[in-house]
Amino acid sequence: MALRSFDIDAPRWDQSTFMGRLKHFFNITDCRTAILPDSRLDEAKALVDSCRAGSIPPGTTEEQLHYAKKLYDSAFHPDTGDRMNIIGRMSFQVPGGMAITGCMLQFYRTVPAVVFWQWVNQSFNALVNYTNRNAASPITPKQIGIAYVTATSTALATAVGLNLYTKKAPPLVARWVPFAAVAAANCVNIPMMRQQEILNGISVTDENGNKLGHSKKAAVKGITQVVISRITMAAPGMSMKGRFHKSFHLVYFSHRGSLPPPPPSFPCSSMAVSKLEPDLRDSIRSQYGDAVQHVYFNKGL
């Protein structure tokens, strides 16, 4: 039976449940989508756009629409609709992230090794953070450069400092050096790469997508959630120690991207109107009264 209407932007799985988040996370981190040609991705985008416009090609199945949306979400920015660079896509995080993490965990005993792999990791993170920013808040090349240098310097200073400090410490303590450096750098890298969102605010909408204004508080909340999420997801693998670490190293690599993250790891977030800036809060209440209790925004990933 031909499809006449289909809400392609409706969640495929209930993200309030563990299994729903698990399926969603498998979907967006499927590394197979990262190797598809641009022509295939463009076809998926065209199908998604057609569906949103209410024109579904004859013979199109629901499964085909779900797969097109999967490819669209994996490769195109939610704000601009532009194709994202392959390294910054969430679908590239499993192979890219696990390779870099493995090297940081393996080569941490000498200062040159720590410096090199922390630089590689922060360069990778900076590109991911920039790619998955809220694109409604533009950032200049100069600001990108400052953010990159600041975040990378923080990671290197933390890693080298801890490496020197733990030279005579037991291996158990030394193994925390890579994770400590990554955690510290995330606290700097993400806010710096997305500083314009904090300075100018991000667009907030009602549940139907109607724009209500810009909020700096929403930007701060969103970026904070992203920082916590990144550190939380890095913690299990980078905290493995000694014999346990060696025995399960490959297992960790193969499963690093398949662990279902908490709700803050999803791009859409919400905030109570009562917690917004007074002027925006008053503006919303004057127009909608008590009909709008929460605002929604893209916090990035």
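The values are calculated or read from the model by the stated rules, or taken from the named source; none is laboratory data. No experiment lies behind these values; they were computed from the predicted model shown. Positions of Cβ are generated from backbone atoms using ideal geometry, with glycine treated the same way; all protein chains shown enter the neighbour counts. Surface areas here come from the heavy atoms of the whole protein model, side chains and all, with no ligands, DNA or RNA. Shrake-Rupley method; radii C 1.70, N 1.55, O 1.52, S 1.80 Å.
Structure summary
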{"read-out": "The stretch 93-132 versus the stretch 1-61: alpha-carbon centroid distance in Å", "value": "31 Å"}
{"read-out": "Separation of alpha-carbon centers, the stretch 65-82 and the stretch 185-219, rounded to whole Å", "value": "21 Å"}
{"read-out": "Rg/Rh ratio calculated on Cα atoms of the stretch 93-156 (Kirkwood radius)", "value": "1.04"}
{"read-out": "TRP119 accessible area, assembled protein chains, probe 1.4 Å, Å²", "value": "110 Å²"}
{"read-out": "Above-threshold pairs, the threshold being 24 Å between Cα atoms, out of LYS70/LYS299; LYS69/LYS217; LYS211/LYS299; LYS23/LYS216", "value": "LYS69/LYS217; LYS23/LYS216"}
{"read-out": "Simple label model, 7 Å out from Cα along Cβ direction - GLN143 to ASP14, nm", "value": "4.1 nm"}
{"read-out": "Global form of the stretch 1-83, assessed from the alpha-carbon gyration tensor, a/c cut-off 1.5", "value": "oblate"}
